[in-house]
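Engineer: Provided herewith is a single structure, encoded as structure tokens, for subsequent inquiry.
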């Protein structure tokens, strides 16, 4: 990008894709480096802290499983916020953000499901259990895939944006269900233990790597999200240029 | 090469669209089929192409190097109302598919894809998805399909619908060049194609026959 | 022929193509079963092979009605009918492309759904193997149905209704072979061989019937 980047004076300036691209170009390297550092620290801590006296080494799966699960929900919340942005404020980048987040959300959800499954086999003796938490996360995964399919099915990005925004907001109902499923129904999956009233129920020995990994995953998400938004903007520009090229060809003939 | 239609009769349900229709077309000749809507122009063309089997009569192909019994459809390009191109694929992918799929008929060679695009005046946009183009451009690329694989007979059903005047002229040029190279053209149209010398066949419409005829 | 295969593969992967939708439908259909029958793992593992098979059967019916209708809508079918390449071969290639784009992903997704159904490793392998061998038959039968209904404006549902009864033998032998792999007394090979025979049989009959119907339907 050789063109000068217009200065950002107010929040709404971010709606300009060119401004956003410039911002991305400046922020992403820092984000990427910070992500790599946090992962280095987080993975080091994850493998050097003691194993659980009951669970043994398998407890280390937690350091990937729990952040991935958090991210799967955070990503949907970001998509829901973007959907609101599309429908209420008609923010031009909101639907780009939602579209870019969907595959990431699906990826993190899949990671959470897989790691949970790997953890579940030694702990519960089964790869999968139709318990409330697992089922609702699985439904979330299906919703991500459905949204991806829906967004791909439209030719016109503006129409795709409105329709998928409506569906995203309807699907947001699932997020509280996932969050509180372990408390509403007494099931196999353990209730929340890190963030709860009256302090964390988890030993600091495990908490430290977990929090570092959570931060690393979050930064990873934002890095990827920024890059995905950038790609989507570029994709739309290419598409617009192609339509223009088609119209220009007619004039020459 | 000669294209012979002998005593063709085609029936649709109870309607006899035409009967005992015969014509002969030699290399370098064009036959323009005219007539009002519903007179059976398209049906005649589809019969010659082999897409409809006639009730009586047959379509034959004779000439040097053509084994007897070869279907006329295999020596023909058919440009119908629809373009036979996929919206999702690029123009180049569409044309390349038809080029390999159709293959050259013995006795000639098709143009390269870029050359064909040049010939219809739309070079340089073959990398675009077909769906991005306007209706007129799509129609012109459907014509480019006639050029990428060699076929001596062109069967054209309302070829210039959705085309502006300039494209109309361009297409007439293509057809003329095809005729000069010894090709055969069978076209149904309302508008004159702008060809110098053509023979005409006017379809008078069908006779209603059958159990319920008045 | 290769060009037709590649073109159909490209079309099914490009935007709006049905490759992803089929797997998603498959997953969703199988995933709703536990909600219906309850999360009893023993029950699920017992009915698992049947559920996965039924899900795969329904999912592979999804895009079938468009197999020839899409070609007809844009006029490509006319050009294919005019060709000297035997129409049977054209239909066969289209079937193979359709199966590779929509059937094969179902086969690959089935182990995951097997885990959800609490099936053991042997049962999962058996279901995957039987699906791999049996699902092409569904496509071949479907091609005949799709060809019959190609001129109908709302043929989609009709195609499913027409071909679902014809796929019953595939389902019977597919499921019984899967169960035979898990349960001891029943031998695995006879139903599996039957399944393979059905697929080979329909690989011939399906495209022949479809080609015949397409010729007859041309207008």
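Coordinate-derived values only; no laboratory data. Predicted model, so just to flag it, every value in this text is computed and none were measured. Neighbour counts run over all protein chains shown; Cβ positions are idealised from the backbone, glycine included.
Engineer: If contacts are Cα pairs under 8 angstrom and at least 6 residues apart, what is the relative contact order of chain B in percent?
Structural biologist: Numbers: 405 pairs, mean separation 68.4, N = 214.
This gives 32 percent for chain B.
Engineer: Measure nothing but the geometry: give the 0 to 90° angle between the long axis through the Cα atoms of B:165-180 and the longest principal axis through the Cα atoms of chain B, rounded to 10°.
Structural biologist: 70
Engineer: Sticking with this structure for a sec: Could you rank the peptides C:207-214, C:6-13, B:18-25 by their average count of other C-beta atoms within 10 Å per residue, with the highest value first? The partial results should precede the final answer.
Structural biologist: Working: C:207-214: 21.8, C:6-13: 18.9, B:18-25: 16.0.
Final packing ranking: C:207-214, C:6-13, B:18-25.
Engineer: Here's another thing I want to ask about it. From the mean inverse distance of alpha carbon pairs (Kirkwood) and the Cα radius of gyration, derive Rg over Rh for the range B:1-128. If you can, show how the numbers build up before the last one.
Structural biologist: Details: Rg = 17.3 Å, Rh = 17.0 Å.
Ratio of gyration radius to Kirkwood radius for the range B:1-128: 1.02.
Engineer: Let me have the 222 nm mean residue ellipticity of chain B computed from DSSP H runs of 4+ only, each contributing -39500 (n - 2.57), with the sum over all residues rounded to the nearest 500. If you can, show how the numbers build up before the last one.
Structural biologist: Numbers: 5 runs with 58 residues, N = 214.
Computed mean residue ellipticity for chain B: -8500 deg cm²/dmol.
Engineer: In 10 Å bins starting at zero, report the fraction of Cα pairs in the range C:33-135 per bin as a rounded %.
Structural biologist: Answer for the range C:33-135: a P(r) of 14, 36, 24, 15, 9, 2 percent.
Engineer: Say R0 is 22 Å: what FRET efficiency, to the nearest 0.05, do residue A:121 and residue A:150 get from their beta-carbon distance?
Structural biologist: Details: r = 34 Å, r/R0 = 1.53.
After rounding, the FRET efficiency stands at 0.05.
Engineer: Still on this structure, please answer the following. Within the protein assembly as shown, what percent of beta bridges assigned by DSSP are antiparallel, to the nearest 5?
Structural biologist: Numbers: 18 of 35 bridges.
Rounded to the nearest five, the antiparallel share is 50 percent.
Engineer: Taking a quarter of the surface of the convex hull around the Cα atoms of the range C:92-195, what do you get in nm²? Can you show the working numbers first?
Structural biologist: Values: hull surface 28.9 nm².
Convex hull of Cα atoms, orientation-averaged projection: 7.2 nm².
Engineer: Here is a follow-up. How far apart, in nm, are the 7 Å Cα→Cβ label points at residue A:248 and residue C:43?
Structural biologist: 6.5
Engineer: Also, quick follow-up: Can you compute log10 of I(q)/I(0) for the protein assembly as shown with the Debye formula, treating each Cα as one identical point scatterer, at q = 0.07 Å⁻¹?
Structural biologist: -0.64
Engineer: Summarise the partner chain shielding of B:130-137 as one whole number: the mean count of Cβ atoms from other chains within 10 Å of each residue's Cβ.
Structural biologist: Counting other chains' Cβ atoms within 10 Å and averaging over B:130-137 gives 4.
Engineer: Now for a separate question. Under 10 Å, Cα contacts only: if you run a Gaussian network model on chain C, which one of C:126, C:70, C:137 comes out with the highest mean-square fluctuation?
Structural biologist: Answer for the Gaussian network model of chain C: C:70.
Engineer: Between residue B:189 and residue B:2, what is the spin-label point distance in nm, taking each point 7 Å from the Cα along the Cα→C-beta axis?
Structural biologist: Placing both labels 7 Å along Cα→Cβ, they lie 2.6 nm apart.
Engineer: Of B:169, B:70, B:12, which has the largest mean-square fluctuation in a 10 Å C-alpha GNM of chain B?
Structural biologist: B:12
Engineer: So for the range A:109-188, Kirkwood radius off the Cα pairs, Stokes-Einstein at 20 °C and 1.002 mPa s: how many µm² s⁻¹? Before the final figure, lay out each step's value.
Structural biologist: Values: Rh = 14.1 Å.
The Stokes-Einstein estimate is 152 µm²/s.
Engineer: Please say if the range B:43-82 is rounded, prolate or oblate, where rounded means a/c under 1.5 for a ≥ b ≥ c the square roots of the C-alpha gyration tensor eigenvalues, and otherwise the choice is prolate for a/b larger than b/c and oblate otherwise?
Structural biologist: Oblate, since a/c reaches 1.5 and b/c is not below a/b.
Engineer: What does the average come to when, for each residue of peptide B:47-60, you count the partner chain Cβ atoms lying within 10 Å of its Cβ?
Structural biologist: Working: counts 0, 0, 5, 6, 8, 2, 3, 0, 0, 0, 0, 0, 0, 0.
Going residue by residue through B:47-60 and averaging, the value is 2.
Engineer: Given a Förster distance of 22 Å, report the FRET efficiency between residue B:23 and residue B:165 from their Cβ-Cβ distance, rounded to the nearest 0.05. Walk me through the numbers before you get to the answer.
Structural biologist: Working: r = 30 Å, r/R0 = 1.37.
It comes to 0.15.
Engineer: Quick one: what does P(r) look like for chain C with 10 Å bins over all Cα pairs, in whole %?
Structural biologist: Histogramming chain C at 10 Å steps yields 9, 34, 34, 17, 6, 1 percent.
Engineer: On average, how much area does the Cα convex hull of the range A:26-252 cover when viewed from any direction, in nm²? Before the final figure, lay out each step's value.
Structural biologist: Values: hull surface 61.3 nm².
If you wrap the Cα atoms of the range A:26-252 in a convex hull and average its projections, you get 15.3 nm².
Engineer: Evaluate the relative contact order of the range A:26-252 (contact order divided by residue number), counting alpha-carbon pairs under 8 angstrom at least 6 apart; express in whole percent.
Structural biologist: Details: 234 pairs, mean separation 74.9, N = 227.
Reported relative contact order: 33 percent.
Engineer: Further, regarding this structure: Going from the alpha-carbon gyration tensor of the range C:146-219, what semi-axes, largest first and in whole Å, does one get by taking the root of 5 times each eigenvalue? Walk me through the numbers before you get to the answer.
Structural biologist: Values: eigenvalues 221, 39, 5 Å².
The three semi-axes for the range C:146-219 are 33, 14, 5 Å.
Engineer: Right, here's the next one. Sticking to Cα atoms, compute the Rg of chain B to one decimal and its Dmax as the biggest Cα-Cα distance, whole number, in Å.
Structural biologist: 17.6, 59
Engineer: Expressed as an acute angle from 0 to 90° and rounded to the nearest 10, what is the orientation of the C-alpha long axis of helix B:91-102 relative to the principal long axis of chain B?
Structural biologist: 50
Engineer: Translational D (Stokes-Einstein, µm²/s) of the range C:31-87 at 10 °C and 1.306 mPa s when Rh comes from the Kirkwood sum over C-alpha pairs? Spell out each step's value before the answer.
Structural biologist: On the way: Rh = 14.6 Å.
Once the numbers are plugged in, D ends up at 108 µm²/s.
Engineer: Which value in nm describes the separation of the simple spin-label points at residue B:180 and residue A:77, placed 7 Å from the Cα toward the beta carbon?
Structural biologist: A separation of 7.4 nm, rounded to one decimal place.
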